[in-house]
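Asks: Dropping a structure here in structure tokens format, bear with me for questions.
The values are calculated or read from the model by the stated rules, or taken from the named source; none is laboratory data. Worth saying up front: this structure is predicted, and the values here are computed from it rather than measured. Glycine also receives a Cβ, built like all others from the backbone with ideal geometry; neighbour counts cover every protein chain displayed.
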Amino acid sequence: MFNEEMRFAVPIRWAMVGGGRGSEIGHAHRAGAQRDGLLQLVAGAFDIDPQRCRDFGTRLGLAGERCYADYASMFSQEAARADGIQAVSIATPNATHYAISKAALEAGLHVICEKPVTFTADEAQDLQRTARAANRIFGVMYGYAGFPMLHQAREMIRRGDLGAVRVINMQFAHGFHNTGIERHSAGAQWRMNPAVSGPSFVLGDLGTHTWFLAGMLTGLEVERLCCMRQSFVKSRTPLEDNAHVMLQFKNGAVGTLWASAINAGSMHQQKIRIVGEKASIEWWDEHPNQLRYEVQGQPAQVLERGMGYLYNEVPGVSANRIGGGHAEGFFESWANLYHRFALAMAAADCGDQATLDGLWYPDIGAGLEGVRLLECCVESADNGACWVDW
Ligand SMILES: NC(=O)c1ccc[n+]([C@@H]2O[C@H](COP(=O)([O-])OP(=O)(O)OC[C@H]3O[C@@H](n4cnc5c(N)ncnc54)[C@H](O)[C@@H]3O)[C@@H](O)[C@H]2O)c1
């Protein structure tokens, strides 16, 4: 059970780019990062509007001079301070991720970036090389990956409880954009604009999450895929508000991914079902403390977080924060990930390779795989749903 004993003597000095007042995801970063006292927000370039950034930042308790008009000023002015920032999270619209991440790494900062991490795989590879060369941690915010029951699922697959994996069904299909809400929602508007969102909408916004979970759980590598995408709200073309992907994996397994924002009536419907030779598991993000385990020929079981019959997850970081039966949720998942990011940053700073090697977290390699998914899907869909090699 996590009980706050792993605090550093002094928290890592941390900043944000984006995530300002009214943003969708800024609060999740601040709540997750600061939950365990390992990171402390000391500066920010939170907003495209400098005055709103300063007003917001000071109301978060920051000194006015550390609320910056833009990220470049923040990186240069913080570098000149003895107590300057050591890490930054980037929670801006997609088009800006590459330039801001690159500048942050070049300023010597550890980086946590939102997904999709870049527009192209070449850009993601460049960030991977830059982070490696600078010995900086690069985490990608696949925020669902911190749920303990997913780590139980990963361990069950690793131990062979399902037998060899045959089928992976992935879906992230909500209904919040079943009409043209972008006409009056700024956060929806940029997502429909290819210049800001990138080459896809729902595949990048939603599909990359579940895609990451499939790789995290099974470790399977894709061989080829084919994708069909369309916009039911026509003004969104060329971006898609609905997509179906069929996948073949190198071990012979197959899979499907449904990403949609027009699944009318659905709240989230992010589900992953993994079918093995002898049993299947299924996880649903609306009930994240449970994992269905179905052994052929036996009654289905619902495994519950925090119970003694589960496997212990990743050594060194116990992710349970309260006993079974209580509901842990989205913010706990983010805190679990930020906890790992912070431990990795500290290990990198003191050259502790053994700790780094034993510490799992979604890194820039995972970000790169998500961007590759988008590139392959767009190539396939825009060429008549042809099969594309990974
Ligand atoms: N991991 C997740 O679960 C999750 C959930 C939602 C959004 N996201 C991702 O987070 C990112 C932001 O999404 P959002 O929904 O919060 O967007 P949003 O439009 O709600 O908020 C964006 C924020 O960034 C600020 N901003 C824009 N450009 C900036 C710049 N150049 N410098 C500084 N600040 C700038 C805006 O003023 C705003 O405060 C996107 O990449 C999105 O895909 C991830």
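Asks: Quick one: in the stretch 244-264, of everything that is in contact with a helix residue (DSSP H, G or I) (Cβ under 7 Å, 6 or more places away or on another chain) and under 12 Å from HIS174 (Cα atoms), which residue is surrounded by the fewest Cβ atoms within 10 Å (Cβ to Cβ)?
Replies: SER260
Asks: Tally the residues that are within 11 Å of the ligand (Cβ to nearest atom) and either closer than 20 Å to ARG66 by Cα or touching a helix residue (DSSP H, G or I) at 6+ places or on another chain (Cβ under 7 Å) (or both), restricting the search to the stretch 23-48.
Replies: So the answer is 12.
Asks: Among the listed residues GLN40, GLN51, GLN77, which satisfies the condition of being on the phi < 0 side of the Ramachandran plot and in a strand (DSSP E or B)?
Replies: After applying the criteria, what remains is GLN40.
Asks: Kindly indicate whether any position in the stretch 80-98 is closer than 30 Å to LYS278 by Cα and either polar (S, T, N, Q) or within 15 Å of the ligand (Cβ to nearest atom) (or both).
Replies: Within the stretch 80-98, none of the residues are closer than 30 Å to LYS278 by Cα and either polar (S, T, N, Q) or within 15 Å of the ligand (Cβ to nearest atom) (or both).
Asks: Scan the stretch 214-227 and give yes if some residue there is under 21 Å from PRO93 (Cα atoms), at pLDDT 95 or above and within 16 Å of the ligand (Cβ to nearest atom), otherwise no.
Replies: Scanning the stretch 214-227 turns up no residue that is under 21 Å from PRO93 (Cα atoms), at pLDDT 95 or above and within 16 Å of the ligand (Cβ to nearest atom).
Asks: Run PHE201 past the list (1) within 16 Å of the ligand (Cβ to nearest atom); (2) in contact with an Asp or Glu (Cβ under 9 Å, 6 or more places away or on another chain); (3) at pLDDT below 95 and report the number of the one that doesn't hold.
Replies: Among (1) within 16 Å of the ligand (Cβ to nearest atom); (2) in contact with an Asp or Glu (Cβ under 9 Å, 6 or more places away or on another chain); (3) at pLDDT below 95, the lone unmet condition for PHE201 is (3).
Asks: Name the pairs: first residue in the stretch 135-150 and among the polar types (S, T, N, Q), second residue away from the ligand (no atom under 11 Å from the Cβ), Cβ to Cβ under 9 Å, at least 6 apart or on different chains?
Replies: Here the result reads ASN135/ALA348; ASN135/ASP349; ASN135/GLY351, each pair linking the stretch 135-150 to a residue that is away from the ligand (no atom under 11 Å from the Cβ).
Asks: Filtering the stretch 270-287 down to residues that are in contact with a Ser or Thr (Cβ under 7 Å, 6 or more places away or on another chain) and buried (at least 21 other Cβ atoms within 10 Å of the Cβ), which residue is nearest to MET149 (Cα to Cα)?
Replies: Result: ILE272.
Asks: Considering (1) under 30 Å from GLN230 (Cα atoms); (2) in contact with a Leu (Cβ under 7 Å, 6 or more places away or on another chain); (3) not acidic (Asp, Glu), say which one MET267 fails and leave the rest.
Replies: Here MET267 clears every test but (2).
Asks: Which of (1) surrounded by 23 or more Cβ atoms within 10 Å (Cβ to Cβ); (2) part of a helix (DSSP H, G or I) does GLY365 not meet, given it meets every other one?
Replies: Of (1) surrounded by 23 or more Cβ atoms within 10 Å (Cβ to Cβ); (2) part of a helix (DSSP H, G or I), only one is false for GLY365: (1).
So that you can scan it fast, the table gives a plain yes or no per residue for (1) hydrophobic (A, V, I, L, M, F, W, C); (2) within 21 Å of the chain's Cα centre (by Cα); (3) surrounded by 18 or more Cβ atoms within 10 Å (Cβ to Cβ); (4) more than 11 Å from the ligand (Cβ to nearest atom):
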| site | (1), (2), (3), (4) |
| --- | --- |
| MET74 | yes, no, yes, no |
| LYS102 | no, yes, no, yes |
| GLU123 | no, yes, yes, yes |
| ARG129 | no, yes, no, yes |
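Asks: What number of residues in the stretch 116-131 are more than 19 Å from THR210 (Cα to Cα), in contact (Cβ under 8 Å) with a residue 60 or more places away in the chain and of a type in the set (S, T, N, Q)?
Replies: Selection size over the stretch 116-131: 3.
Asks: Which one of MET307, MET267 is touching a residue at least 24 places away in the same chain (Cβ under 8 Å), among the aliphatic types (A, V, I, L, M) and surrounded by fewer than 16 Cβ atoms within 10 Å (Cβ to Cβ)?
Replies: Only one candidate qualifies: MET267.
Asks: Sticking with this one: List the residue pairs whose Cβ atoms are under 6 Å apart, where the first residue sits in the stretch 54-83 and is under 13 Å from ALA15 (Cα atoms), the second is aromatic (Phe, Trp, Tyr) and modelled with pLDDT under 95, and the two are 6 or more positions apart or on different chains.
Replies: As it stands, the answer is none, since no pair meets every condition given.
Asks: If THR210 passes every condition in (1) crowded, with 22+ Cβ neighbours inside 10 Å; (2) among the hydroxyl-bearing types (Ser, Thr, Tyr); (3) without any contact (Cβ under 8 Å) to a residue 12 or more places away in the chain but one, which one does it miss?
Replies: (3)
Asks: Considering every residue within the stretch 107-118, establish whether at least one is within 15 Å of the ligand (Cβ to nearest atom), surrounded by fewer than 16 Cβ atoms within 10 Å (Cβ to Cβ) and within 24 Å of the chain's Cα centre (by Cα).
Replies: no
Asks: A further question follows. Among the candidates GLU155, GLU240, GLU221, which residue alone is over 14 Å from ARG273 (Cα atoms), touching a residue at least 12 places away in the same chain (Cβ under 8 Å), buried (at least 18 other Cβ atoms within 10 Å of the Cβ) and of a type in the set (D, E, K, R)?
Replies: Result of the check over GLU155, GLU240, GLU221: GLU240.
Asks: Restricting to the stretch 151-173, give me the number of residues that are under 30 Å from ALA261 (Cα atoms) and not aliphatic (A, V, I, L, M).
Replies: Within the stretch 151-173, residues that are under 30 Å from ALA261 (Cα atoms) and not aliphatic (A, V, I, L, M) number 7.
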